[in-house]
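Some notes on the structure that comes next.
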Amino acid sequence: MMRWLFILLSIVNVTSRSIISETHTTNGVSDRLIELVTQGSFRGVTYNRLAALADTIGPRLCGNESLTNAVNWVKDIMSSEGLDNVHVEEVRIPHWVRGEEHAHLLQPRKTKLSMLGLGNSVGTGPQGVRAPVLVVRSFDELNARCAEARNKIVVFNPQCDWKTKPIACYGSVVGYRVGGASSAAKCGAVASLSRSAASRSIDSPHTGIMAYDSSYPKIPAGSLSVEHADMLDRFQQRNQSMEIVLYMEAQTLPDVVGYNLVAEVRGSSKPNETVLVSGHLDSWDVGQGAMDDGGGAMISWTVLSLLHSLNVRAKRTVRCVLWSCEEFGGVGADQYFNAHTNEIPTMSIVMESDLGVFHPQGLQFQGRPQAQQIIQTISNQLASINATQVVSGGGGEDISPWMQRGVPGASLLNDNWDYFAYHHSNGDTMNVLNSTDVDLAAAVWAVYAFSIADLDDLLPR
């Protein structure tokens, strides 16, 4: 027993020394990456690229021409930089259009309601939908009052302590946005409106994807601002009758061709092994798509730009993929995975930044303990910018197929407490972000991508 314990400890010690040695060799490059993006010629470049994209092209809804324009804009600059293997890969993507829409309260007083239609929703038809209202706070309450919902507009107003746990609240509340319409239709409702999945609000509705259960009729679905959902709830508590007229031109058109955008800095000695950094280039059709997920896409591009500018190549290839149509369920990423399953054995890690590029704290990592030990060692290279935290978790819609097959995954750990105040709303603009934080986020992303790509071996899995 003692002999095997001695052998095991010897292996651990050799592995640890190997990790420390490899990390020491990358420290110099990491310091240069950090200096270049925070103090050197690339300071502010990532933010300015994002601002040019967000201001000039604007929001980039899946299936819309603006998304194709964004792909071409980034692709042209990547090519002019001299990055390796810049190309697009075609995918089939859905084409939902919002059209004109509005909602008005008719009783107990007349006022316009702050509303956004939900992605995949059907429209109301030219006459709109006019009906009394039933407010419920949960699916259980709807089931208990199912008979009351018939021929009404059901308003879901779930409650959660957003101030103390915004990320957890989003997970619990978003289900009403996604599945509320079919649950209401099951009870005979004529439309569904849900409280926005938002941590804070200034009367700002938040959109997002919804889905229909084919067992029930498709009814129009929208989201209300937090303020108006609560107001309707109070009307009901006072036993005041409510009536709403809802008009939506939403429709789903035939699928169109979209594009995942790919670029690389090829590896020096193991070019067929890969570290993948990514963000999604599509957004919702409100705001500018700056935070979700223009920022994540831009810092992933910057990783390659920094390596190219320093004329540095890791052992492995560092690949940037800017995904198409994440907002409708990772459509482009799923097709990319299916086309690249042969790379599962040679993919060291998949990284996606899709929860903001606010002040970075480190990395969220999901993988085996041995791999997390390596990540923790690499984190020491970020001490100069105080971004050394490594926490379990992480991932993303677009990289989940790889992670489900055992590939380690990571996402940016950042101070995104207010992320859901702007998410999927008109508030998602450049004003949410600042250049210094974006530079620091790019530094974290670049140091991890290069250091993992330059290890002697793939991350353990």
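The values are calculated or read from the model by the stated rules, or taken from the named source; none is laboratory data. As the structure is a computational prediction, the values presented were derived from the model and not from experiment. Note that each Cβ is placed from the backbone with ideal geometry, even for glycine, and that neighbours are counted across all protein chains shown. Keep in mind that these areas ignore ligands, DNA and RNA; they rest on the heavy atoms of the full protein, side chains included. Shrake-Rupley method; radii C 1.70, N 1.55, O 1.52, S 1.80 Å.
Observations on the structure shown:
- Test: residue in the range 49-70 that is open to solvent by 20 Å² or more (accessible area, probe 1.4 Å), farther than 18 Å from V256 by Cα, of a type in the set (D, E, K, R) and free of Cβ contacts under 8 Å to residues at least 60 places away in the same chain: no
- Inter-residue pairs, beta-carbon under 7 Å, first more than 30 Å from H87 (Cα to Cα) and in the range 244-265, second among the polar types (S, T, N, Q), 6+ apart: L246/T124; Y247/T124; M248/S121; M248/T124; A250/S121
- Of everything in the range 16-52 that is at pLDDT 95 or above, over 25 Å from the mean Cα position of the chain (by Cα) and of a type in the set (S, T, Y), the residue that is farthest from L307 (Cα to Cα) is S41.
- If the condition is being over 31 Å from the mean Cα position of the chain (by Cα) and open to solvent by less than 40 Å² (accessible area, probe 1.4 Å), then the range 91-105 contributes only L105.
- The set of residues in the range 200-222 being within 20 Å of K163 (Cα to Cα) and open to solvent by 20 Å² or more (accessible area, probe 1.4 Å) consists of R200, S201, I202, D203, S204.
- Against the test of being under 30 Å from V438 (Cβ atoms) and either in the same structural domain as K110 (by the TED database) or of a type outside the set (D, E, K, R) (or both), the options S241, S268 yield a single qualifying residue, S268.
- Of all the residues in the range 71-88, those that are open to solvent by less than 40 Å² (accessible area, probe 1.4 Å) and either within 18 Å of G332 (Cβ to Cβ) or in contact with a strand residue (DSSP E or B) (Cβ under 9 Å, 6 or more places away or on another chain) (or both) number 6.
- Selection from the range 155-169 of residues that are farther than 15 Å from Y422 by Cα and open to solvent by 80 Å² or more (accessible area, probe 1.4 Å): Q159, T164, K165
- Restricting the first member to the range 289-305 and to residues that are outside any helix (DSSP H, G or I), and the second to residues that are open to solvent by less than 10 Å² (accessible area, probe 1.4 Å), the beta-carbon pairs closer than 8 Å and six or more apart or on different chains are G289/A54; G289/G58; G289/R60; G289/D282; G289/S283; G289/D428.
- Qualifying position, being in contact with a strand residue (DSSP E or B) (Cβ under 6 Å, 6 or more places away or on another chain), open to solvent by 10 Å² or more (accessible area, probe 1.4 Å), within 19 Å of V321 (Cβ to Cβ) and among the polar types (S, T, N, Q), among Q389, Q366, Q376, Q404: Q366
- In the condition set (1) touching a Leu at 6+ places or on another chain (Cβ under 7 Å); (2) part of a strand (DSSP E or B); (3) within 29 Å of P59 (Cα to Cα), Y259 is compliant with all but (1).
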